[in-house]
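Quick notes on the structure that follows.
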Amino acid sequence: AFSPQTIRKRVEALRAMLRAGGRKEQLEFVELWRAGRHEKEVRYWSLEELDCMDVQALQMFEDESIRPRAMAHIIHSMMAPRISDTAAFRWDYFDLQQGRICLRAVKNNKNCCQYIQYRFMPVITRYKEWVSQFAGGDEYLFPSSMAQRSGSSRRTVPHISNKSIRKWLAQIRDSTELRDGANPQQLSSHCYRHSL
């Protein structure tokens, strides 16, 4: 087996040859290589796991005390926004006539659009009517008025925290049972993005 030092020397020689030969495209590819660099493993839920979590969320939706948890999962199941975008999700992102959700992501300022799954349309409509009874519920899906006070917040925000969204999504995952009796993989909420 080649030692890392031997490989490094060979890569440097290859780079020198590509520069001398004017092979810019090949050189760019070789520049991607770094010694000791390992690709990160991408972890995701299977279709069965996501389907079972959807079913669990729809069952939990009927209990008003945990309805926001179900709604957070439904949004992540359809379009998997970043947690910070979910916490600040607004009703003006929804076009219920067209059956679409469009938002501008905070991290990269890109527009994200997704069609709403037909089975979730009545759930979203019911949730909108229900959450409007809370202060700020006519603007935000998860207004801070619906959350319990933690006593540790430094500033007042009009919507719930990222931490709450993570906890809610974990509750859906942990309370879901697959068809064979097992539970879904213990993946982080960011894995919704990988799964989609």
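Numbers below:
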| quantity | calculated |
| --- | --- |
| Evaluation of residue 40 against (1) farther than 26 Å from residue 111 by Cβ; (2) open to solvent by less than 10 Å² (accessible area, probe 1.4 Å) (one fails), failing number | (2) |
| Condition met for residue 189 (of a type in the set (Gly, Ala, Ser), at pLDDT below 95 and part of a helix (DSSP H, G or I)) | no |
| Every pair of residues 6+ apart whose Cβ atoms lie under 8 Å, when the first sits in region 49-66 and is modelled with pLDDT of 95 or more while the second is part of a loop (DSSP other than H, G, I, E, B) and surrounded by fewer than 16 Cβ atoms within 10 Å (Cβ to Cβ) | 49/178; 49/185; 52/177; 52/178; 52/179; 56/177 |
| Residue count for region 67-122, restricted to those that are of a type in the set (Lys, Arg) and open to solvent by less than 20 Å² (accessible area, probe 1.4 Å) | 1 |
| Any pair with Cβ under 6 angstrom, 6 or more apart, that starts in region 124-137 at a residue that is more than 13 Å from residue 64 (Cα to Cα) and ends at one that is buried (at least 16 other Cβ atoms within 10 Å of the Cβ) and of a type outside the set (Ser, Thr, Tyr) | 136/143; 137/131; 137/143 |
| Check on residue 87, in contact (Cβ under 8 Å) with a residue 24 or more places away in the chain and touching a Lys or Arg at 6+ places or on another chain (Cβ under 6 Å) | no |
| Among (1) at pLDDT 95 or above; (2) out of contact with any His (no Cβ under 6 Å at 6 or more places or on another chain) - the single one residue 152 does not satisfy | (1) |
| Any pair with Cβ under 8 angstrom, 6 or more apart, that starts in region 97-113 at a residue that is more than 14 Å from residue 193 (Cβ to Cβ) and ends at one that is surrounded by 13 or more Cβ atoms within 10 Å (Cβ to Cβ) and small (Gly, Ala, Ser) | 106/84; 106/88; 111/105 |
| In region 123-141, the residues that are open to solvent by less than 30 Å² (accessible area, probe 1.4 Å) and under 17 Å from residue 62 (Cα atoms) | 123, 124, 127, 130, 131, 141 |
| Region 28-48, residues that are in contact with a Pro (Cβ under 8 Å, 6 or more places away or on another chain) and modelled with pLDDT of 95 or more | 45 |
| Contacts under 6 angstrom Cβ, first residue in region 158-186 being farther than 30 Å from residue 135 by Cα and modelled with pLDDT of 95 or more, partner assigned to a helix (DSSP H, G or I) and among the charged types (D, E, K, R), 6 or more apart | 184/49; 184/173 |
| Boolean, residue 30 is of a type in the set (Val, Ile, Thr) and in a loop (DSSP other than H, G, I, E, B) | no |
| Residue list for region 179-189, filter: of a type outside the set (Gly, Ala, Ser) and either exposed (fewer than 15 other Cβ atoms within 10 Å of the Cβ) or closer than 10 Å to residue 44 by Cβ (or both) | 179, 180, 183, 185, 186, 187 |
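The values are calculated or read from the model by the stated rules, or taken from the named source; none is laboratory data. Source: prediction; values computed, not measured. In this analysis, Cβ positions are derived from the backbone assuming ideal geometry, glycine residues included, and neighbour counts consider all displayed protein chains. Side chains are part of the model used for accessible areas, which takes the heavy atoms of the whole protein and leaves out ligands, DNA and RNA. Shrake-Rupley method; radii C 1.70, N 1.55, O 1.52, S 1.80 Å.
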